[in-house]
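Let me begin by presenting the structure, written as C-alpha cells, before commenting on it.
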Amino acid sequence: MMSNTQKRQDFFHNICTALGRTEIPEHVTPLDLSAGPQHKIMAGLSNAELVEAFKTECNNLAIKFRETEKEDLADTLMAVIREYGGGKIIYPKVKEITDFHIDRVFEENQGKELPLTHIAVLRRSTIMPRMTQTMAALAGRYHEDPENFPSLLVHISGPSSTVDIELVRVVGVHGPINVTYIILND
C-alpha cells in the first residue's frame with residue numbers, strides 16, 4: 001500500500017512532467033498581487049467607455065439592460081416589470097424610492113415571495129472598471145462620512161449560473177433567472 005507522502009509525490013511529479021519540469025520544486029515564491037491586473041485592466045477608460053464595456057458584457061451574458069433619465073425611472077421600472085409579466089414586487093426601503101417617486105407605483109404591488117427576476121438600478125456615474133476600484137471608492141466614502149455610510153451593500157454581477165462537467169451552462173441556479181439592469185443617467 002502506498003503512503004500519503006508517496007501519493008503526494010506521484011501527484012506532484014505528474015504535474016511537473018505536464019509542465020515540462022524534471023523535478024518537483026521545494027519552494028514556490030508566491031505571486032505579488034499588489035500591482036496585479038486588477039489595477040490595470042480597464043484603467044484609464046472614461047465613464048462612457050466603461051458603460052459601453054458594461055453593455056457589451058451584458059450582451060455576452062444575455063442580461064437585459066435599459067437606460068433612462070431620472071424623471072422616467074418609475075415608468076421604466078414598471079415597463080420592465082410588465083415585460084416580465086407583472087406580479088408582486090420586493091424592494092428595499094431606501095430614500096431613492098421616494099426621491100424618484102417609485103414608492104407610489106410599488107406600494108400596490110408589494111410581495112414577499114422569492115423573485116424569479118432581479119431588476120437593479122445603477123447610476124451611470126458609479127459603474128467602475130473592477131471590484132478593486134469599487135471597494136476603494138466605498139472605503140473613501142466611508143472614511144469621509146461614516147455616520148451616513150449605508151448599513152447594507154449588495155454587489156450583483158449577474159444571474160447565478162454554473163457550468164457542469166460537459167460545459168453546459170445553467171442559469172438561475174441559486175437565485176433569479178432573469179436580470180435586467182436599468183442604467184440611470186445621472
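Just so you know, all these numbers are worked out from the coordinates, no wet-lab data involved. Just so it is clear, the structure is predicted and the values come from calculations on it, not from any experiment. Heads up, the Cβs are rebuilt from the backbone with ideal geometry, glycines too, and the neighbour counts pull from every protein chain shown.
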Would you mind ranking HIS101, HIS155, HIS27, HIS118 so that the residue whose beta carbon has the fewest other beta carbons within 10 Å leads the list?
HIS27, HIS155, HIS101, HIS118
Using only alpha carbons, build the gyration tensor for the chain and give me the equivalent ellipsoid semi-axes, biggest first, whole Å.
43, 23, 17
Antiparallel DSSP beta bridges within the chain, as percent of all bridges there, nearest 5:
20 percent
Taking the Cα centre as origin and putting +1 on Lys and Arg beta-carbons and -1 on Asp and Glu beta-carbons, what dipole magnitude results for region 45-94, to the nearest 20 debye?
380 debye
Extending each Cα 7 Å along its Cβ direction at VAL28 and ASP72, get the distance between those two points in nm, one decimal.
5.2 nm
Any chance you could list P(r) for region 80-159, counting all Cα-Cα pairs in 10 angstrom bins from zero, rounded to whole %?
13, 40, 33, 14, 0
Return one number: the angle in degrees, 0 to 90 and rounded to the nearest 10, between the long axis of the Cα atoms of helix 47-60 and the longest principal axis of the Cα atoms of the chain.
70 degrees
The extension gain from ARG104 to ALA137, computed as 0.36 nm times the residue separation minus the Cα-Cα distance, is 8.7 nm
Across the chain, how many lysine pairs, 8 or more apart or on two chains, come within less than 18 Å at their alpha-carbon atoms?
4
Tell me, in nm to one decimal, what length is gained between SER161 and ILE15 on full extension, where the rule is 0.36 nm per residue of separation less the Cα-Cα distance?
49.6 nm
With 10 Å bins from zero, work out the P(r) of region 37-125 over every alpha carbon pair and list the percent per bin.
13, 41, 29, 15, 2
Magnitude of the Cβ-charge dipole of region 16-71, K/R +1 and D/E -1, about the Cα centre, nearest 20 debye?
140 debye
Computed from the beta carbon distance with a Förster radius of 41 Å, FRET efficiency for LYS88 and GLN38 to the nearest 0.05 stands at 0.60
Modelled label reach - ARG130, point 7 Å along Cα→Cβ, region 11-35 residues with backbone N closer than 16 Å:
31-35
Mind listing the phi-derived Karplus ³J(HN,Hα) values for region 124-136, rounded to whole Hz, using 6.51, -1.76 and 1.60 with θ = phi - 60°, and x for any glycine or proline?
3, 5, 9, 6, 10, x, 8, 4, 4, 6, 4, 5, 5
Of LEU73, LEU31, how do they rank once you tally other Cβ atoms within 10 Å and put the fewest first?
LEU31, LEU73
